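Working notes, structure below.
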Amino acid sequence: MKIVGCLTVAIVFAALAAAPALAQSSGNFTYGSNGGTTHCVLESSGNISGGQICQETCTLQPDGTVACTGDGQGKDLCVGGFGVGIKTNSGNGNVFVMRPSAVVGLLTDVSLTKNSTTSIGTSSALAGVDFRVAVSPAPAQVIPSYPVTYASRFVQISSNLFDVLGTTCTTVSTTNPTGSCFFNFTESTVSAHSFDWIATGLSSGQYMVTVNWSSSLGNAGISRALTCVGPVNFTVTQNKVFQFNRTNSF
């Protein structure tokens, strides 16, 4: 697991006076960033650097087997996150609107190969990043209560070309000195994402709001899967909801 970055948090308190007929609402705003100068960069070669990198690389070995190295395969890999504090005012109907915004990079690289002893006809790669927001202490509740996928990609290539051209692929000649055939496909992206979570069940007091993210990687055949996260901005605002999920009467 590799976690890169520093945490900087700025808190600003504000009071907003609404018109007397609409009652009074007050609250505060919290902004945090783990980014600074740590950010994902898409290079001209297609590689992604910077940020929090999580990757798995599977390569063909001399004995014909495929060996994988890196941060592992599956969900909830390379977990990162940070938290900020926010204080609610008295009164009913307080909610937090919580928005993590992140730059997310994905790289999926897959290859096929055949030589005189080995044939890899199918390869795939999965790369993704999920975000989750939590608020404590209870009975605060977060909507939605499940992780949200900020970016995810699955790539797979399959071919029977090597079966058709088997004789040519395994014949060593001046034009084919290695005696093998190759087909390669690489795709890389870097995108920015954000999503709003809502916290309800709040009362007057101090709350800790946290954001966490984790990577998902999956590989088969000759492949490389990589995720990059950073920078991450986390904005939390307190609002007053007079009618939750319904039209206000005024």
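The values are calculated or read from the model by the stated rules, or taken from the named source; none is laboratory data. Keep in mind that what you see is a predicted model, and the values were worked out from it rather than measured. Virtual Cβ from ideal backbone geometry, glycine too; neighbours counted across all protein chains shown. In case anyone asks, the SASA skips ligands and DNA or RNA and just uses the protein heavy atoms, side chains included. Shrake-Rupley method; radii C 1.70, N 1.55, O 1.52, S 1.80 Å.
General observations
- Ala127 being at pLDDT 95 or above and in contact with a Cys (Cβ under 9 Å, 6 or more places away or on another chain): yes
- Within this structure, Asn245 passes the test of being in a loop (DSSP other than H, G, I, E, B), open to solvent by 40 Å² or more (accessible area, probe 1.4 Å) and modelled with pLDDT under 85.
- Screening the candidates Val236, Val211 for the property of being under 30 Å from Gly72 (Cβ atoms), at pLDDT 85 or above, under 22 Å from the mean Cα position of the chain (by Cα) and not basic (Lys, Arg) yields one hit, Val211.
- Hey, Lys75 open to solvent by 60 Å² or more (accessible area, probe 1.4 Å), of a type in the set (Lys, Arg), under 25 Å from Asn219 (Cβ atoms) and touching a strand residue (DSSP E or B) at 6+ places or on another chain (Cβ under 8 Å) or not: yes
- Within the range 130-144, the only residue that satisfies the criterion of being modelled with pLDDT of 95 or more and either basic (Lys, Arg) or open to solvent by 60 Å² or more (accessible area, probe 1.4 Å) (or both) is Arg132.
- Those residues of the range 108-129 which are assigned to a strand (DSSP E or B) and open to solvent by 20 Å² or more (accessible area, probe 1.4 Å), in sequence order: Asp109, Ser111, Lys114, Ser119, Ile120, Thr122, Leu126
- Count of the range 203-226 residues which are farther than 23 Å from Gly80 by Cα and open to solvent by less than 10 Å² (accessible area, probe 1.4 Å): 1
- Considering the range 86-107, and only residues there that are modelled with pLDDT under 85 and small (Gly, Ala, Ser), the residue that is surrounded by the fewest Cβ atoms within 10 Å (Cβ to Cβ) turns out to be Ser90.
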